[in-house]
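Student: Structure provided below as structure tokens; questions to follow.
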Amino acid sequence: MATIIDCGLATRQNIRFGINHKYITKILTPYIYRWYAIVRKDWYIFIVKGKIKEKNKTTVQYRVCSYSWKDDRHSRLDYTSLHQALDDVNDLYGGEEGEYPPEVENSWVTFTIPDKTKKPWAYQFTNFSIEEGG
């Protein structure tokens, strides 16, 4: 039987989208953990809620994802209880806020979808290389 893990779409505090200081808070609560991250020492930490489906049974799991921006290390730890995950994360390093990581924008380049009204023969080729028989 297969195990299906569904964590939904990555939210704004995820490091896939870069790091933005406006999404960092002092402590995480059950109301804001999905949208904000915290910093402890040199670790950028956020929580992701996931659903695990196995043998027609669904369980909820909370994954604490952390990124040490000074050492470029990643780690994660899974919890079955949100309150236990929040307590552990907020109390890490005595609950003292650490040094914020540098802000980083995502490195993605966004392209627009080509105009579907143009036909394939409407494109103009300007040059062929020698390998292509030009």
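Student: If you average the C-alpha positions of segment 10-61 and of segment 71-94 separately, how far apart do those two centres end up, in angstrom?
Tutor: Each part's Cα centre sits 10 Å from the other's.
Student: Okay, moving on. Taking neighbour Cβ counts within 10 Å as the exposure measure, how do W35, W43, W69 sort from fewest upward?
Tutor: W35, W69, W43
Student: Local charge sum around Y67 (other residues, Cβ-Cβ under 14 Å, Lys/Arg +1, Asp/Glu -1)?
Tutor: +2
Student: Let me ask you something else. Please tell me which of these pairs span more than 28 angstrom C-alpha to C-alpha: K49/K70; K26/K49; K22/K57; K26/K70; K26/K55?
Tutor: Result: K22/K57; K26/K55 exceed 28 Å.
Student: While we're on this one: May I ask for the percentage of alpha-carbon pairs in segment 15-113 that lie more than 16 Å from each other? Walk me through the intermediate numbers first.
Tutor: Working: 2870 of 4851 pairs.
Percent of Cα pairs beyond 16 Å in segment 15-113: 59.
Student: May I pose another question? So what is the relative contact order of segment 3-105, in percent, for Cα pairs below 8 Å that sit 6 or more residues apart?
Tutor: 30
Student: Here's a follow-up. Which ordering of R63, R73 is given by a fewest-first count of other beta-carbon atoms within 10 Å? Intermediate values should be presented prior to the final figure.
Tutor: Values: R63 16, R73 11.
The most exposed by this proxy come first: R73, R63.
Student: Please arrange F17, F46 by counting, for each residue, the other beta carbons lying within 10 Å of its beta carbon, fewest first.
Tutor: So the ranking, lowest neighbour count to highest, is F17, F46.
No lab work stands behind these numbers, since they all come straight from the coordinates. These numbers were taken from a predicted model, which means no experiment stands behind them. Using ideal geometry, Cβ is built from the backbone for each residue, glycine included, and neighbour counts are taken over all protein chains shown.
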